[in-house]
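Step one of this worksheet: look at the structure below.
The values are calculated or read from the model by the stated rules, or taken from the named source; none is laboratory data. Note that this is a predicted model, so its numbers are computed, not measured. Here the Cβ positions follow ideal geometry from the backbone for every residue, glycine too, while neighbour counts run over all protein chains shown. Side chains included, ligands, DNA and RNA excluded: accessible areas come from the protein's heavy atoms. Shrake-Rupley method; radii C 1.70, N 1.55, O 1.52, S 1.80 Å.
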Amino acid sequence: LPLQTWTDSINQANKMALLTWVKETGINLVQINGQRRYGGPPPGWVGDPPPTGSEVFIGKLPQDMYENTLIPLFQSVGKLYEFRLMMTFSGLNRGFAYAKYSNRRGAKVAITALNNFEVQAGCAILVCKSTEKCELSMDGLATSLSRKHLEAMLQEAAEGILSITLYPSPYQKRAQLAVLKYSSHRAAAMAKKSLMEGNMRICEEEMRVDWLKPDLKQKLRSTEEKPLAIWVPRGKSPGSSKQVQVPLSPVLCNVLDRLDALCRRQHLGTPLFFTKCVQANPDGWLRFWCQVVIPAYPVSFSGFTWVRQDVRGASGHDKAKDVLALQVLRILGESL
């Protein structure tokens with residue numbers, strides 16, 4: 001049989017039932033990179049995404065079961081923000097899914113009510129708290145790979161990248177290891193799948209992508225070697241899964257002067273700052289894109305940050321420069 005005919009013939013009755021349900025309810029399902037998603041946010045949602053701890057993992061699903069059965073079941077115990085069903089090439093599900101509720105209480109109720117629930121005779125499902133991992137490790141990168149090249153590749157692979165930190169690989173000689181932090185577990189999982197598909201190569205080097213394991217995280221933290229480069233995180237608007245900008249302490253108020261002095265001592269030239277306000281919120285928070293170029297340093301540093309606009313005192317541009325200067329001082333090994 002032709003491939004398409006073969007895949008269409010599998011589980012045909014349940015696929016037709018799903019299509020009928022979608023048509024009757026008007027629910028929008030989007031399939032991308034091996035998973036089919038509802039919501040995130042759902043229609044009519046107002047406000048920020050749910051906090052961490054609002055998602056449950058659903059396992060031991062019959063592979064011929066679809067959203068027309070699962071979404072009503074999981075909506076019966078709480079308001080769903082998002083539902084993701086992992087799919088195979090043939091159109092069967094992969095036996096597991098994720099349901100994110102509007103709050104943590106909804107997730108707790110779902111675990112209590114639906115763990116070991118029989119969705120078919122003799123088929124009890126597993127429902128437990130999702131670990132919601134958000135960090136990946138990428139090992140085996142060439143030492144010649146620039147931060148800008150890696151940043152561009154990762155932004156193409158998936159959305160939601162917050163920060164990139166490059167280290168000398170603890171496992172391979174003459175290689176780099178990148179720690180990638182994403183805005184959510186879903187974003188990290190999508191990136192992992194995208195990066196692993198097709199044995200992707202960067203600069204002709206094979207790379208290994210995996211969830212960042214606690215022992216590796218601890219090893220990188222305790223190593224004497226400093227990160228080779230850091231991409232300054234793209235700050236999130238205060239009020240969402242927050243990355244609130246903490247005001248600099250009085251001790252760090254002179255970070256620009258300290259960076260200037262450090263660059264003079266290391267004969268790197270005078271740092272050049274570029275800032276641009278790209279968003280202004282009614283509550284006084286400003287989002288800045290900022291970049292610093294140090295003439296004799298091999299890479300520039302850039303990213304986004306949020307700062308609070310004061311009625312008096314330093315301007316938003318000055319505060320953004322302080323934030324970036326502080327990051328650069330840390331990267332260059334200055335003790336603060």
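A search for C-beta distances below 8 Å between a residue of the stretch 281-295 that is of a type in the set (G, A, S) and any residue that is in a loop (DSSP other than H, G, I, E, B) and open to solvent by 50 Å² or more (accessible area, probe 1.4 Å), counting only pairs 6+ apart in sequence or on different chains, returns G284/Q309. Are any residues in the stretch 42-56 touching a strand residue (DSSP E or B) at 6+ places or on another chain (Cβ under 6 Å) and open to solvent by 50 Å² or more (accessible area, probe 1.4 Å), and if so, which ones? D48 - this is the single residue of the stretch 42-56 that is touching a strand residue (DSSP E or B) at 6+ places or on another chain (Cβ under 6 Å) and open to solvent by 50 Å² or more (accessible area, probe 1.4 Å).
Check every one of the helices (runs of 4 or more DSSP H) wholly within the stretch 85-197 and list those with 3 or more residues that are in contact (Cβ under 8 Å) with a residue 40 or more places away in the chain and closer than 30 Å to A17 by Cβ.
104-114, 185-196
Here the stretch 239-275 is the region considered, the condition is being open to solvent by 80 Å² or more (accessible area, probe 1.4 Å) and closer than 16 Å to D322 by Cβ, and the residue that is modelled with the highest pLDDT is L272. For the condition on the phi > 0 side of the Ramachandran plot and surrounded by fewer than 19 Cβ atoms within 10 Å (Cβ to Cβ), K23 does not qualify. For the stretch 97-146, give me each residue that is open to solvent by less than 80 Å² (accessible area, probe 1.4 Å), among the small types (G, A, S) and over 28 Å from G160 (Cβ atoms). Scanning the stretch 97-146 gives A113, G122, A124. Quick check on the stretch 305-320: of everything there that is surrounded by 18 or more Cβ atoms within 10 Å (Cβ to Cβ) and under 25 Å from the mean Cα position of the chain (by Cα), which residue is modelled with the highest pLDDT? Among them, the one singled out is A320.
Looking for whichever is within 26 Å of Y167 (Cα to Cα), in contact with a helix residue (DSSP H, G or I) (Cβ under 6 Å, 6 or more places away or on another chain), modelled with pLDDT of 55 or more and surrounded by 13 or more Cβ atoms within 10 Å (Cβ to Cβ) here; the options are V209, V232. Which one fits? Testing whether each residue is within 26 Å of Y167 (Cα to Cα), in contact with a helix residue (DSSP H, G or I) (Cβ under 6 Å, 6 or more places away or on another chain), modelled with pLDDT of 55 or more and surrounded by 13 or more Cβ atoms within 10 Å (Cβ to Cβ) leaves just V209. Which residues, counting only those in the stretch 122-172, are closer than 19 Å to M207 by Cβ and small (G, A, S)? Selection gives S137, G140, A142, S144, S146, A152, A157, A158, S163, S169. Within the stretch 20-63, the set of residues being farther than 16 Å from S102 by Cβ, touching a residue at least 60 places away in the same chain (Cβ under 8 Å) and assigned to a loop (DSSP other than H, G, I, E, B) comprises N33, G34, K60, L61, P62. Checked against the criterion of being β-branched (V, I, T) and either surrounded by fewer than 15 Cβ atoms within 10 Å (Cβ to Cβ) or on the phi > 0 side of the Ramachandran plot (or both), the stretch 63-71 has no qualifying residue. T52 - would you say it is assigned by the TED database to the domain that holds P168, among the β-branched types (V, I, T) and modelled with pLDDT under 90? Judged against the criteria, T52 is not a match.
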